[in-house]
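Derivation of every value follows stated rules applied to the coordinates shown; laboratory data play no part. These numbers come from a predicted model, not from an experiment. Neighbour counts run over all protein chains shown; Cβ positions are idealised from the backbone, glycine included.
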């Protein structure tokens, strides 16, 4: 048996302040409940409104918003991960010009408010880039199929979806790049020198030596970044991407059930982020277990 003494928890002043604050809030809630709350909750009508389909549309508007949020988050996460890893490796590159370019991109995106960047990108960049690449003509000629609707949604909204995915991806990639750079920096110098002394090509050195070790270190912060990406996807509702926040705003304004609808929207976001957190935690444990087993 271990001779260690069991550490005893000692409450601090902050704990006391939190307990006192919760007690005061509970008393206020009890007092307001006893004299009656002015707002009349109407959950039956709210749920009926949310899950009722419009004329000519099989899927309820609220459910289409959830689908759009999932599409937006998945595509943005994939593109942001790819771009973030490229920028992170570029930040650790020996070529100065590449290192400066990646560093400039990261500093600009991290120091501009996301809302301002989305407006700049959508109204000034996206409106010029898509016509220049003739993507708007390609989108207008595309025919919507079953698989296309699942992956990209209605074809008439593909242009907004592309703009939203690029906006969220560019913003999240800057933070993922810093996570990757920190993970590469944490690798001992001896590991890099060992690969060089064995004459291993650069790509194989990253693949078999550096990335397996770095991935175990960057998995926890990447989990938080992906959860933030899902929540940040709500910002693109301002450029008419019909995701969950946009749909919730439309339903709340048309029905007048502001509190009920927005609480339902918040609950859906909580469920999505909570399930994502549990899933990524399992992935993180497997990556860490595999790394320690290899060591």
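Evaluated at q = 0.21, 0.28 Å⁻¹, a Debye calculation over the C-alpha positions of the stretch 205-267 (equal weights, vacuum) places log10 I(q)/I(0) at -0.84, -1.10. The stretch 244-267 and the stretch 157-196 have Cα centres separated by 34 Å. Distance between the 7 Å Cα→Cβ label points at residue 240 and residue 70: 2.6 nm.
Annotation for residue 278 and residue 40: the two label points, set 7 Å from Cα along the Cα-Cβ direction, are 3.8 nm apart. The fewest-to-most ranking of 178, 243, 250 by surrounding Cβ atoms within 10 Å reads 250, 178, 243. Using the Cβ-Cβ distance between residue 119 and residue 48 with R0 set to 51 Å, the FRET efficiency works out to roughly 0.90.
Take the Cβ atoms of residue 107 and residue 20, set R0 to 35 Å, and the FRET efficiency comes out at 0.25. As a proxy for reagent exposure, ranking 234, 169, 277 by other Cβ atoms within 10 Å from fewest up yields 277, 234, 169.
Spin-label pair residue 253-residue 96: with each label point 7 Å from Cα along the Cα-Cβ axis, the two points sit 5.3 nm from one another.
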